[in-house]
Amino acid sequence: MAFDLNRSYFNDIRERAVAAAATITEEGQLLMYVDAGDGTLAVQPTAGAASDRVAGFAITDALKYVTATLVETLTVPVGGGTVSLRQNNLVASSTRAVGSITGALTAVGGAPAAGQFQMGIVAGTITFNAAQAGETVTVTYRYTPTLDEALATWHERSVNNRAQDYFSSVSVGGLEGEIFTTMYDTTQAYAVGGLMYTGAAGLVTSAATSTVIIGIVSQIPSVSDGRLGVKFAGFR
């Protein structure tokens, strides 16, 4: 599940129409209001733009596909080299790597130089330069689980969770509350109390590219819990 039901809460939950050209692909996506074209409002995932008008978080989804977020720590081998992550089928451009000595490392497409890393998207590998040998590196990334893994982890959805398929609507949690979610930009750094903004594809982010503030960080992702805690207010 994309957010922790046991700890998350919303002071207001409403059923909203989904915009005609939009699809809510995962629970926990941040949604914004758009003109439905018939004189009413509809919702779709945020775009990470200054014009985003936040509606709240998706409580249900169509289960078209699911991504998951993990945080791992690993040690760079002597001489650098390639290390396998716990998962493969990574989401492209979704990985952040922070070395215990070097700090944040830069992702590159080719052989990494000092201070860089290279991802093996399909194989789920990460390659380092020899300059990082012996460093402990914290890696945050998103991946696409197999159907078997998704069903084993989250189970099959009940008919009540398929409103988007049947009725072109989605339950939206808003007003104020707190969410512990995997639907965040994993390439960014987060700090408790730091401001949170709307991001592209319904992700929340610490990058102020949209300038639309939604709340503050209440929990940073860790190896024991890869979810990001966001305390939010003002969604109607």
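Taking the criterion of being loosely packed, with under 14 Cβ neighbours inside 10 Å and assigned to a strand (DSSP E or B), the residues of the stretch 94-130 that qualify are 103, 104, 106. Exactly one residue among 106, 75, 67 is under 30 Å from residue 32 (Cβ atoms) and of a type in the set (Ser, Thr, Tyr), and that residue is 67.
Of the numbered conditions (1) over 19 Å from residue 34 (Cα atoms); (2) at pLDDT 90 or above, residue 154 fails exactly one; give the number of that condition. Residue 154 satisfies all of (1) over 19 Å from residue 34 (Cα atoms); (2) at pLDDT 90 or above except (2).
Residue-by-condition table, conditions (1) farther than 16 Å from residue 29 by Cβ; (2) of a type in the set (A, V, I, L, M):
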residue	(1), (2)
173	no, no
196	no, yes
220	yes, yes
223	yes, yes
226	yes, no
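Identify, please: which residue in the stretch 204-236 is assigned to a loop (DSSP other than H, G, I, E, B) and under 21 Å from residue 13 (Cβ atoms) and is, among those, modelled with the lowest pLDDT? Talk me through it step by step, then tell me what you get.
As a first pass, look at the stretch 204-236 and keep what is assigned to a loop (DSSP other than H, G, I, E, B): 206-212, 220-227, 236.
The next check asks that each one be under 21 Å from residue 13 (Cβ atoms); those that pass are 227, 236.
Details: 227: 96, 236: 69.
Restricting to residues being assigned to a loop (DSSP other than H, G, I, E, B) and under 21 Å from residue 13 (Cβ atoms), the top hit is 236.
Being closer than 22 Å to residue 12 by Cβ and modelled with pLDDT of 90 or more is a property that residue 197 has.
Which residue out of 111, 130 is modelled with pLDDT of 95 or more, over 18 Å from residue 67 (Cβ atoms), touching a Gly at 6+ places or on another chain (Cβ under 8 Å) and outside the structural domain of residue 188 (by TED's automatic domain parsing)?
Details: 111 fails: touching a Gly at 6+ places or on another chain (Cβ under 8 Å).
Matching residue, one of 111, 130: 130.
Every residue, every condition in (1) assigned by TED's automatic domain parsing to the domain that holds residue 185; (2) out of contact with any strand residue (DSSP E or B) (no Cβ under 8 Å at 6 or more places or on another chain); (3) part of a strand (DSSP E or B), yes or no:
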residue: 13; (1), (2), (3): yes, no, yes
residue: 32; (1), (2), (3): yes, no, yes
residue: 39; (1), (2), (3): yes, yes, no
residue: 72; (1), (2), (3): no, no, yes
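Of all the listed residues (25, 67, 46, 40), the sole one being under 25 Å from residue 227 (Cβ atoms) and out of contact with any Gly (no Cβ under 9 Å at 6 or more places or on another chain) is 67.
Within the stretch 117-133, the residues that satisfy the criterion of being over 18 Å from residue 186 (Cα atoms) and in contact with a Ser or Thr (Cβ under 7 Å, 6 or more places away or on another chain) are 127, 132.
When the residues of the stretch 15-30 are narrowed to those that are more than 20 Å from residue 232 (Cα to Cα) and not in a loop (DSSP other than H, G, I, E, B), which ends up nearest to the chain's Cα centre (by Cα)? Let's see the steps before the verdict.
Keep residues of the stretch 15-30 that are more than 20 Å from residue 232 (Cα to Cα), which gives 17-25.
With not in a loop (DSSP other than H, G, I, E, B) added as a condition, the list becomes 17-18.
Values: 17: 23, 18: 20 Å.
Result: 18.
Checking the stretch 135-147 against the condition returns a match, with at least one residue being surrounded by fewer than 21 Cβ atoms within 10 Å (Cβ to Cβ), touching a Phe, Trp or Tyr at 6+ places or on another chain (Cβ under 7 Å) and at pLDDT 80 or above. Of everything in the stretch 79-88 that is part of a loop (DSSP other than H, G, I, E, B) and in contact with a Gly (Cβ under 9 Å, 6 or more places away or on another chain), the residue that is surrounded by the fewest Cβ atoms within 10 Å (Cβ to Cβ) is 86. Scanning the stretch 40-78 for residues that are modelled with pLDDT of 95 or more and on the phi > 0 side of the Ramachandran plot, we see that the one that is surrounded by the most Cβ atoms within 10 Å (Cβ to Cβ) is 56. So, in the stretch 35-62, how many residues would count as being out of contact with any Lys or Arg (no Cβ under 8 Å at 6 or more places or on another chain) and hydrophobic (A, V, I, L, M, F, W, C)? Of the residues in that region, 8 qualify.
The values are calculated or read from the model by the stated rules, or taken from the named source; none is laboratory data. Keep in mind it's a predicted model, so treat the numbers as computed, not measured. Virtual Cβ from ideal backbone geometry, glycine too; neighbours counted across all protein chains shown.
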